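Structure, as structure tokens:
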Amino acid sequence: MKDSSINSKSRLANFVANSAAHARPPHVRFAQNMVRWFFRIFLLLCYRIRIHGLENYPCADGALICPNHQSNLDPIVMGVSCPRPVNYLAKETLFRWKPLGWFLSSNDAIPIDREGAGIAGMKETLRRLKRGESVVIFPEGSRSLDGELQPLMKGFCSLARRTSASLVPAGIEGTYDAMPPKCRLPRCGQIQIVFGPPVSPDEYADLDDDAMVELLRQRIEHCFAQARKKFRN
């Protein structure tokens, strides 16, 4: 128990050191905090957002936050739900409109070229994970067309293995009703978020990609079911 406690303290100290070494400039941190508070108030007023399972969120080391993907609201929802700032993967085409590109870059979005190899985006994602930051990735790859969980893609497997990042499953319910496909403006409602226990590197170390995908799918499905139950109650 003593060794475990020392190891935990060491990981936390490493995270604090990494955060200090790679801290954003003060004006960027201020802008990010203002954006987070704006959307937090917006989601509380319009969607009565409720967040469950935050005790499962890792306080140290890099992690891949892996929720299901129901709507264009999901990145905003996850940014508000996670207890510390997170990075996002976003389509490179979204950065081409300068105002949106500035907003995404200012809030730690990483451009990913889905039509090409996406090597630059993957390298930047690896760098941020290795220095102890968290990255939100939607393993389904795209929004659900019916609000249900889709098959997961394998892209997260390489990121996790190369950085020894934990996989934090999460379930989102309510964003599909709020903003389904082809809906331009969101509708008011409610949103429930559930974080599940992380999948540690030790748990997936001996698994091939297919088994790793299935393990994460089961964890996300469980979180999603819990979020849906709370949504209906």
Checklist entry - Within straight cross-link reach of K130, meaning Cα distance under 12 Å, which aspartates and glutamates are found once same-chain residues fewer than 8 apart are removed? => result D61
Checklist entry - By count of other Cβ within 10 Å, fewest leading, how are M34, M122, M212 ordered? => result M34, M122, M212
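Quick one: length gained pulling T93 to R232 fully straight, 0.36 nm per residue minus the C-alpha distance?
Taking T93 through R232 to full extension adds about 46.4 nm, to one decimal.
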Item to check | Three-way shape call for the range 95-233 based on the alpha-carbon gyration tensor, with the a/c threshold at 1.5 | outcome: oblate
Checklist entry - Could you put D209, D74, D146 in order, starting from the residue whose Cβ has the fewest other Cβ atoms within 10 Å? => result D146, D209, D74
Checklist outcome for this item: Given a Förster distance of 25 Å, the FRET efficiency implied by the Cβ-Cβ spacing of S158 and Q218, rounded to the nearest 0.05, works out to 0.80
Checklist entry - Ordered by packing density, taken as the mean number of other Cβ atoms within 10 Å over each peptide's residues, highest first, how do 179-191, 83-95, 126-138 rank? => result 126-138, 83-95, 179-191
Checklist entry - Between their Cα atoms, which of K91/K123; K154/K182; K91/K230; K91/K154 are more than 24 Å away from each other? => result K154/K182; K91/K230
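Values in this text are rule-based calculations from the coordinates and carry no lab data. If you're wondering where the values come from, they're calculated on a predicted model, not measured in any experiment. Every residue, glycine among them, receives a Cβ derived from its backbone with ideal geometry; neighbour counts consider all protein chains shown.
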